Amino acid sequence: MLPPVVTLPGSFMRGRMTYALYKQMGIFDCVAADIQSFADIAYTLATNKACRNEISKKIRDHAPTLFEDMETVHELERFFEWAVKKAERSYHRSASFRSPKCSSPDLPADN
């Protein structure tokens, strides 16, 4: 059994991802409010096997909610569709610009 991850949500995605997963599962045992609580939670998990196992079991029991949530899948689908459309628009705008004439014999000139 893998140990639980302690998280301290911040302003960057890397600090909020684990928090978002725990929130979706309804588990807040490992979410720290500040540096001191982060250290306290980490210390407890490292030194108290019963507590660590209890939280690990809770995570394992609630993990299916992460994979059975179709709204998350649809939200990712909408994001990827938006990102592809934005990239295509950007590409089409930049494709209208011509590259400079190339004088190197290795590279074909853009005529």
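Of note:
- Residue in region 10-19 that is at positive phi and out of contact with any strand residue (DSSP E or B) (no Cβ under 8 Å at 6 or more places or on another chain) present: no
- Yes/no for A39 being assigned by TED's automatic domain parsing to the domain that holds M1, loosely packed, with under 11 Cβ neighbours inside 10 Å and not basic (K, R): no
- Applying a threshold of 6 Å to beta carbon distances and a minimum spacing of six or more residues, or different chains, the list of pairs starting in region 9-34 at a residue that is without any contact (Cβ under 8 Å) to a residue 60 or more places away in the chain and ending at one that is among the aromatic types (F, W, Y) reads P9/Y19; V31/Y19; V31/Y22; A32/F38.
- Residues that are among the charged types (D, E, K, R), in contact with a Leu (Cβ under 7 Å, 6 or more places away or on another chain) and over 13 Å from L2 (Cα atoms), drawn from region 40-76: none
- 1 or more residues within 14 Å of the chain's Cα centre (by Cα) and at pLDDT below 95: qualifying helices (runs of 4 or more DSSP H) within region 1-74: 17-25, 64-67
- Within region 75-106, being at pLDDT 85 or above and hydrophobic (A, V, I, L, M, F, W, C) holds for L76, F79, F80, W82, A83, V84, A87.
The values are calculated or read from the model by the stated rules, or taken from the named source; none is laboratory data. Just so it is clear, the model here is predicted, and its values are computed rather than measured. When we count neighbours, we look across all protein chains shown, and the Cβ atoms used for this are built from the backbone with ideal geometry, even at glycine.
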